[in-house]
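Trainee: Before I ask anything, here is the structure I am working with.
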Amino acid sequence: MSNNDWDFIANKAENIVREAAQLIKHSLQTELIVEYKSNPNDLVTEMDRKIEAFFCEQITNEFPKHYILGEEGTGKDLNTLDGTVWIIDPIDGTTNFVHQQRHFAISVGIYEDGVGKVGIIYDVMADELYLALENKGAYLNGVQLPMLKEAKVSEALIALNSGWILKDERLKDLVSKCRGTRAYGAAAIEMASVAANRIDGYISLNLSPWDFAAGAILIKEVGAVISTIDGKELDLLNNSSLCVAKNGLYQELQNDFLNKKG
Ligand code: IPD
Ligand code: CA
Ligand code: CA
Ligand code: CA
């Protein structure tokens, strides 16, 4: 596919995201049906499913040959990234959506043969749309985000869920040595916040491909580093841990905290 094709696809994707956001905003005026999946803290609403269905309908109409992988079940048997694949989280931060009616995002990463081409993260209530195009930069509401400068642990704000800190000694050590931690409750917003230079890094012990598919493209376009916490490349078809950070900080996290030798 040529660059023009990708501009066209990115434009379509942005339009679908914006339409989906309107549907979500509308739904806030009525009472939501909330259920839980694996446990009482794993919420899902009718809107998570409706928005994923909306994406499927729009993508299938416009691009019948593209594949879709979504949190609410679309493409659950997909076992290859061959071709063009849209990896979608219809609402990232469902708990925030239910409890706070804000701080949630729509996240869409479009990959071709496993290579990230277009990443969109839309923080719906803040009206902040992050768009990344492979080798063409990352943009926040149309303004290009500058390349990120180096950072170090002692001066870093790192996004980290408190649950992970309780479970992992390496993270306790990190918390005691970094400048501060934040937890926004939406992985896509946490990654976008690194890209926008609002925080310096983000660590999670377990995420799904739809949580990081768009963010990974954004992060690369601003010159930061992304991998699993073991420093391995992310797998877009399986769950994994995540370590995202500015240069310098990333190496320090890997060498002195996450994969310390001896
Ligand atoms: C969740 C959020 C949360 C992260 C969880 C994800 P969801 O996504 O991104 O911040 O800690 O691991 O599952 O379920 O709200 O789309
Ligand atoms: Ca979920
Ligand atoms: Ca998610
Ligand atoms: Ca979700």
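Read the figures in this text as sums done on the coordinates, not as results from a lab. Just so it is clear, the structure is predicted and the values come from calculations on it, not from any experiment. Note: ideal-geometry Cβ built from the backbone for every residue, glycine included; neighbour counts use all protein chains shown.
Trainee: Using 0.36 nm per residue, how much length does the chain from Asn238 to Glu46 gain when fully extended, once their Cα-Cα distance is taken away?
Mentor: 66.7 nm
Trainee: Further, regarding this structure: Any aspartates and glutamates with Cα under 16 Å of the Lys232 Cα? List them, leaving off those in the same chain fewer than 8 positions away.
Mentor: Reachable aspartates and glutamates: Glu252.
Trainee: Next question, about the same structure. What percent do you get for the relative contact order of the chain when only Cα pairs under 8 Å and 6+ apart count?
Mentor: 16 percent
Trainee: For Arg182 paired with Asn259, estimate the spin-label separation in nm (one decimal), with each label point 7 Å from Cα along the Cα-to-Cβ line.
Mentor: If labels sit at Arg182 and Asn259, their model points lie 2.7 nm apart.
Trainee: Could you compute the net charge surrounding Asn79? Neighbours are other residues with a C-beta less than 15 Å from the C-beta of Asn79; K and R count +1, D and E count -1.
Mentor: Net charge in that neighbourhood comes out at -3.
Trainee: Explain nothing, just the number: relative contact order of region 3-144, from Cα pairs under 8 Å at least 6 residues apart, as a whole percent.
Mentor: 16 percent
Trainee: For region 153-258, rounded, prolate or oblate, judged on the Cα gyration tensor with a ≥ b ≥ c (square roots of eigenvalues), a/c < 1.5 rounded, else prolate if a/b > b/c?
Mentor: In terms of gyration-tensor shape, rounded.
Trainee: Restricting to Cα pairs below 8 Å that are 6+ residues apart, what does the relative contact order work out to for region 153-258? Please round to a whole percent.
Mentor: Across region 153-258, relative contact order equals 28 percent.
Trainee: Using only Cα atoms, find the angle between the long axis of helix 209-221 and the longest principal axis of the chain, and express it within 0 to 90 degrees, rounded to the nearest 10.
Mentor: For 209-221 against the chain, the angle is about 70 degrees.
Trainee: Shifting gears a bit: Cross-link candidates for Lys25: which lysines have Cα within less than 25 Å, leaving aside residues fewer than 8 places away along the same chain?
Mentor: Counting by Cα, and skipping residues close in sequence, Lys25 has these lysines nearby: Lys12, Lys37, Lys50.
Trainee: Sticking with this structure for a sec: Output ³J(HN,Hα) for region 37-53: one whole-Hz value per residue in order, computed from phi by the Karplus curve 6.51 cos²θ - 1.76 cosθ + 1.60 with θ = phi - 60°, and x for Gly and Pro.
Mentor: Result, rounded to whole Hz: 8, 6, 7, x, 9, 9, 7, 9, 10, 4, 5, 4, 6, 5, 5, 4, 5.
Trainee: What net charge do the residues around Arg179 carry, taking every other residue with its C-beta under 12 Å from that of Arg179, with Lys and Arg at +1 and Asp and Glu at -1?
Mentor: That sum, taken over residues with Cβ under 12 Å, equals +1.
Trainee: Scan the chain and report its longest stretch carrying no trypsin sites (Lys or Arg not before Pro) that are both in a DSSP loop and have at most 16 other Cβ atoms within 10 Å.
Mentor: 1-36
Trainee: Under 13 Å from the Cβ of Glu155, count the other residues' Cβ atoms, weight Lys and Arg +1, Asp and Glu -1, and hand me the total.
Mentor: After counting each charged neighbour, the total is +2.
Trainee: Could you name the lysines in cross-link range of Lys172, using Cα to Cα under 18 Å and dropping any fewer than eight places away on the same chain?
Mentor: Lys152, Lys260, Lys261
Trainee: What is region 126-201 by shape, rounded, prolate or oblate, if you read a ≥ b ≥ c off the alpha carbon gyration tensor as root eigenvalues and call it rounded for a/c under 1.5, prolate for a/b larger than b/c, and oblate otherwise?
Mentor: Cα axes put region 126-201 in the prolate bin.
Trainee: Still on this structure, please answer the following. Starting from 0.36 nm per residue, how many nanometres of slack lie between Asn4 and Gln22 once their C-alpha separation is accounted for?
Mentor: 3.7 nm
Trainee: Let me ask something additional. Calculate the spin-label point distance for Glu128 paired with Asn247, positioning each point 7 Å from the Cα along the beta-carbon direction, and give it in nanometres.
Mentor: Those two pseudo-labels are separated by 2.4 nm.
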